[in-house]
Structure formats: structure tokens, C-alpha cells
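The values are calculated or read from the model by the stated rules, or taken from the named source; none is laboratory data. Quick caveat: nothing in here was measured; it's all calculated off a predicted structure. Every residue, glycine as well, gets a Cβ built from its backbone with ideal geometry; the counts of neighbours run over all protein chains shown. Just the protein is used for accessible areas: all its heavy atoms, side chains included, with ligands, DNA and RNA removed. Shrake-Rupley method; radii C 1.70, N 1.55, O 1.52, S 1.80 Å.
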Amino acid sequence: MKNNEPAWSLPFRYVTGLILFVAIIALLLYARDAVKALIIAAFVAYLISPAVNFLMERTKLSRTAAVNIVYFSSLILLVGVPSTLTPIFFDEIKIVAQDLLDLSNEISAILIQPVRFGGMVFHFEQLGASLANVQNAVLTPIPEKALALLETTSVGVLWFLVIIVAVHLFMSEWPHIRVRLLEMSPSSYHDDLRELYRRVRGVWMAYLRGQIVLMIIVGIVFTIAWVIMGIPGALVLGVIAGLFTLVPDVGPFVAVILTMAVALLEGSSWIPLSNFLVAGIVFIVYLVLINLKNFWLRPYIMGRSVHMNEALIFIAIMIATILEGIMGALLVVPVLASVVVILEYLRRRVLGLPPFGDDGSQQFVAPPEKIKSRRAVPAVEQEMQEKNK
């Protein structure tokens, strides 16, 4: 700024800053769909960025080359493979729907006839008629509506393009974006913001480790369950369940639908029941395991990864799921932990304390548990008794 240019007065700067803040909030609210798409892109970029760093460290590739390799490989894996398998899954859905129709017709034919048992005659004609009505209303249109259902529940083409382009942007330009964001603050706070960024990044790295542990455990448990039940392709189905657990609710649901489809088509290798009953058992086992995962395993692992109370994590996940659905449940844990770190920094600044109470090395290290051996308790009691004498 030239020496002859007048500086803005303090009230004018405050008013201008307040107007900018309100304008930014209004813009975010107006473009909330775009914000959600960018958040999804940022989270996807964060998930696959460790692979970029790994390539840069091991192969000495430039960041651009490493980003392109990881990005397009991930794009082929996450987009190309499902797109290739969608017609196959659609055909399988039609086959499963036809099996359900045949089973419904058989049950209806049985119920039409009077059932004799111990000299008594039971009439289930009305139940059979009701089942036929359900079949006509629900099951019959399934093959025709399956593709429409897939289309209506998929991401719009334009938003999808925004997300995949934004992922590449975040992966390749994040170092420059981070520097630009840092330069927007006063220079006297640069050190504080660098340290705050390092700590918040530690939150997200701990969360990522927790997600990896969760996926591995879920994949192993479901693989063992399907092997015990004799479901063909148990290993593949278990791996799918583990990978899909990254997306709360929808991912495990898709995984169990695939497993039930396999059970309906192939049955079990040793359970002497019809394919329909085997699929029903698969669904019951899924309900038990997924509820154990949602109500105990996920809060426990996420709480341990960021060292927050498991009950608090559970409540936060449930509230986020109700308010924001899948994305809320997926992001609430690292966002909550990051807010705790930022609020602690602001609290210390407001109270005039040093901005950080420690060097951050113990931020995600669990405190040592107080373990009392069985021999220590009598020793303490004996010492107390000697003092009382």
C-alpha cells in the first residue's frame, strides 16, 4: 500500500468483514448442493492421497505423475468395474425377482386348497388372495422397475462430473491451496495455523486408520459367516462387505443384497433348505452382525481412533445420520474431533494462555491404564494396617 493511501478505519474494517462473512454464509446456504459435492470430492481425495505420497516417496515421481497414476487407477476401479458389472447385476435382479414370483405362486396355490390336520380343516383362501394381491402390486413390476430404481438413486451425471474433476483438483493442487489459505491470515498467526493444521490433520489420519481397521474386521467377520453358512463366493462377498462398510447403511445393505442374490440363485453348499430359506437366514445373520457393528464396533473403533468417549461417538453418529444421512454419518467423527481441537485452541487464546498446551505428540496417545495386580492389593492393605497400629 502506498504511503499516501489512507488506511481503513477499524469500524469500517469490522463492518466490511461482517458483510463478507454474511455473504459467504448466504452463498454456502444457497449452493449447499455444490458444497456437499465438493465435500464428497475432498473426502475421496483425502482417502486416496496416502497412495500419492507413497508413490512419491518410493519412486521419486513428481506429484503430478503420482496423482495421475493414483487418480485414474482409482477411477477405473471405482467407476469402471461397477459400470461393467451393472448389466450383469440387472440380469441377476430379474432372475431373483422371477424366483420370488414362482415361489409366491406356489405358496398361493397351496393356500387355495383346504389344509387338513388331525381331522380338522383349515381354510386359508383369503390369505392366498391377499398374497396374490401383494404379488401383483409389488413383485410383478420388479423386473421393469429395477433399472428405473437404479437410475433414480444414482448420482446425477453433472454432479458426478463435478465430483470426479474436483477430486483431481484437490489431489494435485492441495499444497498450493493450503499455502494460499495460510496467506489469507495475518502473518503473526502463521505458526499457530500451521500447528493447528498439523493437529487437525492428525485427527483425520487417526480416523482413516480407524476406518481401515473397521473395514478389515467387518470383511473378516462376514467372510467367516458366509463360509460357515456355505455361501458360494464367501471370500469375495466378505471383501465386498468390508469395502462397502466405508459408506454407512447403504454400503452394507448393498453387500447383503448381493449375498442374498447369490443365496437365492445358488443356495448353500451344505444347509438342506430351499434357496429362499437360505437367503432368509443370510438376512437374519446380516441384521445381527450389522447391528453389532453399528451399535458397538464402529463407535468403539472410532472412539479409540480419536480417543473420544464411545457413547458420545454413538450419539453423534445417530444424530448425524438422522440430520444429514450417509455423508453425515461418514464425516461426523473426524469433524467432531477437529472441532474439539479448534475450540481448545480458541479457548486458550481467549484466556490469554499459550495457544497449545503441549507439542501435540500425545494428542492421539491413550493415557496409560491403571492396572492393579492381584498381589498389589494385599500389599497396600498390609501397609495401611501397619500404619493404623
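Quick notes on this structure:
- Whole-percent carbon and sulfur share, accessible surface of the range 209-332, 1.4 Å: 81 percent
- Local electrostatic count, Val52, Cβ distance below 12 Å [Lys/Arg +1, Asp/Glu -1]: +1
- Estimated distance in nm for a label pair at Leu343 and Ile319, the labels positioned 7 Å out from Cα along Cα-to-Cβ: 0.9 nm
- Ranking by accessible area, most exposed first, for Arg348, Arg209, Arg63 with a 1.4 Å probe: Arg209, Arg63, Arg348
- Here r is the Cβ-Cβ distance between Leu277 and Met327 and R0 is 45 Å; the resulting FRET efficiency, rounded to 0.05, is 0.75.
- Förster radius 41 Å - calculated FRET efficiency between Leu47 and Gln113 (Cβ-Cβ, nearest 0.05): 0.10
- For the pair Ile216 and Val179 in one chain, pulling the backbone fully straight at 0.36 nm per residue adds 9.8 nm over the alpha carbon distance.
- P(r) for the range 218-310, from all Cα pairs and a bin width of 10 Å, is 18, 48, 24, 8, 2 %, short bins first.
- Rg over Rh, two decimals, the range 178-247 (C-alpha only, Kirkwood Rh): 1.39
- Surface accessible to a 1.4 Å probe, Arg349 within the full protein complex, Å²: 100 Å²
- Computed over every Cα-Cα pair of the range 156-209 and binned at 5 Å starting from 0, the pair-distance distribution P(r) comes out as 4, 16, 16, 19, 19, 14, 8, 3, 1 percent.
- Remark: accessible surface ordering of Met171, Met56 (largest first) is Met56, Met171, probe radius 1.4 Å.
- A Förster distance of 41 Å, applied to the separation of the beta-carbon atoms of Phe295 and His190, puts the FRET efficiency at 0.40.
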